[in-house]
Amino acid sequence: MKENERKPESGVFTGDAYPTVFSTYDLGVARPKNRIVFPPWQLNYANTDGTVSDKLLEFNTALALGGCGIIITGCAVVSEDTVAFDRVMRIDDDRFIPGLRELFNAIEKRGSVPAIQLVHYGRQALSSVTGCELQVPSAIPCPVMSRLDPQYKMKEMTREDIVRMAENFIDAAERAAKAGAKVVEVHAAHGYLLNQFLSPYSNCRTDEYGGSTVNRTRLVADIIKGIRKRLGRDVIVSVRVSGNEFVEGGLTPRHYLEIIPILEEAGMDVLNVSAGVYQSMERMLPPDTLGDAPHVSIASELKRYASVPVCAVGSIFSLATAETILAAGDADFVAMGRAQMADPEIVRKSLEGRETEVRQCIWCNNCAFWATGDPHVFCSVNPAYQKEE
């Protein structure tokens, strides 16, 4: 037996089975121990007032103990007018800092990098839930949500509204940094507000925030610049985008040839590439019919336009698949959501040569509570998160 081969009798590796997965990456204020990310997932596990609950703390602690490199603790709303779920995390006031500090500390002291995503849902929400008119770049209703809500109302944002929204994101980033987050992610994907500004599918403005790619990118760029001015290099700024919206007239990878340099010049450190909007929901949570890793090619194309590290996501269920993606240079990080929901120890078990013990995701997508009508995320195979009969 060669020196670096796996020893069957020990059940552990004497060397890394997945050398690229288990290589570090210097991001500045953080150096994750591996390239596996838990993606920002709206779990609906927070308390009803938006503070961090015991369940949310336990969930993320388990991921850290399981060996995940970067844990994005879910999307936290930056404004009171976009509380679109009854148990969404909030970061729109200083009163949320203590709970977030406990959460980030629990992650970091177990060896993972704590991160958080900042979101405003824009038109992809229900007025009957938020109790507010939905802030939008253009008065174009969401084809999905507007059909679900008789009270659906929008407010096309003024310049003053847009400036105030940028400040909401910047203030939220500062709270995250005060709480101990090492990575702050700006959510500009999946058809939410910042994606709505980026996309010609949802932005028909004729002022400095609409029309050209530069104008449509302005709000996201202003937010990144504001975070940099406020916090310097104290946090890593990630931006999540839908590399392809999969709707007629929407964003495609070629649009990012122009968008990415603008975001990089503004100060973006990481590009997190997803896909889809609500009208193309199957791309946000890919079903088995799309096969393994259906969106890696999108991340790979955007990587050609980027000088910052790129994260790929979507139906990646094993470290073997992650290693193939990373080793091929298609991405620098790989996000695994459903796989780590099914077994939060998948990273550690794979490192130790215990992959036969990994609890496999069965691709049922019952974890998508917003699509199933459940009150929060469940998992069909993880006993800690299964539905009660």
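The values are calculated or read from the model by the stated rules, or taken from the named source; none is laboratory data. All values derive from a computational prediction rather than experimental measurement. Positions of Cβ are backbone-derived with ideal geometry, glycine not excepted, and every protein chain shown enters the neighbour counts.
Brief remarks on what is shown
- Among (1) at pLDDT 95 or above; (2) over 25 Å from GLU185 (Cβ atoms), the one test that GLY353 misses: (1)
- Annotation note: Cβ proximity below 6 Å between a residue of segment 119-134 that is at pLDDT 95 or above and a residue that is of a type in the set (Phe, Trp, Tyr) (sequence gap 6+ or interchain) occurs for VAL119/TYR192; TYR121/TYR192; GLY122/TYR192; GLN124/TYR192; GLN124/TYR278; SER127/TYR152.
- Here ALA339 does not qualify as on the phi < 0 side of the Ramachandran plot, without any contact (Cβ under 8 Å) to a residue 40 or more places away in the chain and in a strand (DSSP E or B).
- Scanning segment 308-343 for residues that are hydroxyl-bearing (Ser, Thr, Tyr) and under 15 Å from the mean Cα position of the chain (by Cα) yields one hit, SER315.
- Top-ranked residue of segment 184-226 - restricted to ones that are aromatic (Phe, Trp, Tyr) and in contact with a helix residue (DSSP H, G or I) (Cβ under 7 Å, 6 or more places away or on another chain), ranked as surrounded by the fewest Cβ atoms within 10 Å (Cβ to Cβ): TYR209
- Per-region count, segment 263-296, residues part of a helix (DSSP H, G or I), small (Gly, Ala, Ser) and over 22 Å from TYR209 (Cα atoms): 1
- Close Cβ contacts (under 7 Å, 6 or more residues apart or on different chains) running from residues in segment 245-262 that are closer than 16 Å to SER212 by Cβ to residues that are of a type in the set (A, V, I, L, M) and surrounded by fewer than 18 Cβ atoms within 10 Å (Cβ to Cβ) comprise ILE262/VAL214.
- Criterion applied to ASP86, ASP49 was being part of a loop (DSSP other than H, G, I, E, B), of a type in the set (Asp, Glu) and in contact with a strand residue (DSSP E or B) (Cβ under 9 Å, 6 or more places away or on another chain), and the one residue passing it is ASP49.
- Total residues in segment 199-241, condition assigned to a loop (DSSP other than H, G, I, E, B) and either touching a residue at least 24 places away in the same chain (Cβ under 8 Å) or not hydroxyl-bearing (Ser, Thr, Tyr) (or both): 16
- Scanning segment 344-365 for residues that are part of a loop (DSSP other than H, G, I, E, B), at negative phi and over 19 Å from the mean Cα position of the chain (by Cα) returns GLU345, GLU352, ARG354, VAL358, ARG359, GLN360, CYS361, ILE362, CYS364.
- In segment 127-162, the qualifying residues are those that are of a type in the set (Ser, Thr, Tyr) and surrounded by 13 or more Cβ atoms within 10 Å (Cβ to Cβ), and the one that is farthest from the chain's Cα centre (by Cα) is TYR152.
- Every residue from segment 84-103 that is of a type in the set (Lys, Arg), free of Cβ contacts under 8 Å to residues at least 60 places away in the same chain and surrounded by 14 or more Cβ atoms within 10 Å (Cβ to Cβ): ARG90
- Scope segment 104-116; condition buried (at least 23 other Cβ atoms within 10 Å of the Cβ) and either in contact with a Lys or Arg (Cβ under 7 Å, 6 or more places away or on another chain) or at pLDDT below 95 (or both); matching residues: VAL113, PRO114, ALA115
- Verdict on VAL313 being under 19 Å from VAL29 (Cβ atoms) and either buried (at least 18 other Cβ atoms within 10 Å of the Cβ) or in contact with a strand residue (DSSP E or B) (Cβ under 8 Å, 6 or more places away or on another chain) (or both): no
- Looking only at segment 164-183, residues that are under 27 Å from PRO143 (Cα atoms) and touching a helix residue (DSSP H, G or I) at 6+ places or on another chain (Cβ under 6 Å) come to 2 in all.
- Close pairs (7 angstrom Cβ cut-off, 6 or more residues apart or separate chains): at positive phi in segment 308-331, part of a helix (DSSP H, G or I) and not aromatic (Phe, Trp, Tyr) anywhere: SER315/LEU290
- Residue match in segment 275-284 (condition: within 30 Å of GLY232 (Cα to Cα) and either charged (D, E, K, R) or at pLDDT 95 or above (or both)): yes
- Total residues in segment 376-389, condition hydrophobic (A, V, I, L, M, F, W, C), touching a residue at least 60 places away in the same chain (Cβ under 8 Å) and crowded, with 17+ Cβ neighbours inside 10 Å: 1
- Screening ALA188, ALA139, ALA177 for residues that are over 23 Å from GLU245 (Cα atoms) and either touching a residue at least 12 places away in the same chain (Cβ under 8 Å) or not aromatic (Phe, Trp, Tyr) (or both) leaves exactly one candidate, ALA177.
- With respect to (1) of a type outside the set (A, V, I, L, M, F, W, C); (2) surrounded by fewer than 24 Cβ atoms within 10 Å (Cβ to Cβ); (3) closer than 21 Å to TRP41 by Cα, the lone exception for GLY249 is condition (3).
- Taking the criterion of being buried (at least 21 other Cβ atoms within 10 Å of the Cβ) and within 23 Å of LEU56 (Cα to Cα), the residues of segment 344-375 that qualify are PRO344, ILE346, VAL347, CYS361, CYS367.
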